[in-house]
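Take a look at the structure set out below.
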Amino acid sequence: MQKKTLGTNGPEVPAIVLGGNVYGWTLSEADSFHQLDRAVDAGLHFVDTADVYSRWVPGHEGGESESVLGKWFAMSGRRKDVLLATKVGFEMGDGKSGLSARYIAQAAEDSLRRLRTDYIDLYQAHTDDANTPLEETLGAFDKLVKAGKVRYIGASNYSGARLAEALEVSRRNGVAEYISLQPHYNLMERQAFETDLLPVVKKYGLGLIPYFSLAAGFLTGKYRRGMDASQSARAAMVEKYRNERGYAVVDALVEVANSHRSTPARVALAWLLAQPGVTAPIASTTSDGQLDDLIAAADFKLDAASLQRLTDVSHFGMRN
């Protein structure tokens, strides 16, 4: 399986990241264990989760995904086989949110307990916290790194300006700095990343692990013109893509996939992997067939003409 280095000085990682947001949500505990066994056996051993997964589900309070992973680590004994990424910062209830030093310390301990591990490979700020000085946030992350509880730190949902500022703060103060960025980036979501964040990623040599790489399933080709998507668990997420631009992108994905005897999901991930700065797209799955797509996508490459066609049809200047 193709591997890349995460950032300038980060670990070597597989070219696809397994999204853990589905664990304990749309994938049962038993099926999650089965998926993790298969994925790690195949070399797909970089797993991304967050403390807030899956708090949006009625009756859930957050931490469900981390807890499933923790149980799997305990049962399988495979913690050292996995590069584990999780995140902190989103609202967890009872005033638990943000990136203050006190909260980061507490949230890290809570995640470590749920994950049944004594270290996190990549601990990420899930979203910027404008109410907390960057010096405080990065100082708190630095303490976790020095204590051996975290190996590397990363950022998600930052603007380009705040990301650059955070990196400069780390360098001025001699504390741990973000080695990676987790942005919203895929064939349907290009403008914000390419115009605002990509210059910062290039300047500082950050690793790039885009989330929603398959646009909540829209880029798998399962949503086509005239189809009823109302019963999908992600119906609300894909509704904004169900327009002429979106369907044109899906049509192109299907045609390119057919010409390569592949699938739209593999093609969409291959396009992302070919983009400047991208280290490893994140994608989640709920079936063996979908997992096969992710495993195959790590080594799948598109020809220049196919890449250009997808780039042209998905350009953010195209009309909906």
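Rounded to the nearest 20, the size of the Cβ-charge dipole of the chain about its Cα centre is 380 debye, with Lys and Arg at +1 and Asp and Glu at -1. Which shape class, rounded, prolate or oblate, goes with the chain when its Cα gyration tensor gives a ≥ b ≥ c as root eigenvalues, a/c under 1.5 marks rounded, and past that a/b bigger than b/c marks prolate? In terms of gyration-tensor shape, prolate.
Each 10 Å bin, from zero up to the one with the longest distance, holds this percent of the alpha carbon pairs of the range 235-287: 21, 43, 35, 0. Around the amide H of H184, modelled in the peptide plane, lie the amide H atoms of N157, Y211, all under 5 Å away and 5 or more residues distant in sequence or on another chain.
To the nearest 10 degrees, how steeply does helix 264-273 sit against the main Cα axis of the chain, on a 0 to 90 scale? On a 0 to 90 degree scale, this one is about 50.
At the listed q of 0.12 Å⁻¹, the Debye profile of the range 24-177, built from one uniform point per Cα, gives log10 I(q)/I(0) equal to -0.51. Using a ≥ b ≥ c from the Cα gyration tensor of the range 1-55 (square roots of the eigenvalues), is it rounded, prolate or oblate, where a/c under 1.5 gives rounded and otherwise the larger of a/b and b/c decides, a/b for prolate? Note, shape of the range 1-55 comes out oblate. Scalar couplings 3J(HN,Hα) for the range 251-261, obtained by applying the Karplus form with A = 6.51, B = -1.76, C = 1.60 to θ = phi - 60°, are 4, 5, 4, 5, 5, 5, 4, 4, 5, 9, 6 Hz; x denotes Gly and Pro. Each residue of the range 180-192 is assigned a 3J(HN,Hα), and the resulting list reads 8, 10, 10, x, 7, 8, 6, 4, 8, 10, 10, 4, 4 Hz, derived from the Karplus form 6.51 cos²θ - 1.76 cosθ + 1.60 (θ = phi - 60°), x at Gly and Pro. Stretched out straight at 0.36 nm per residue, the stretch from D288 to Q191 would grow longer than its current Cα-Cα span by 31.7 nm. Structural descriptor for the chain: relative contact order 19 percent, calculated from alpha carbon pairs under 8 angstrom and at least 6 residues apart.
Computed from the coordinates by the stated procedures, all read-outs in this text should not be read as laboratory data. From a predicted model like this one, the values you see are computed outputs, not experimental measurements. Every residue, glycine as well, gets a Cβ built from its backbone with ideal geometry; the counts of neighbours run over all protein chains shown.
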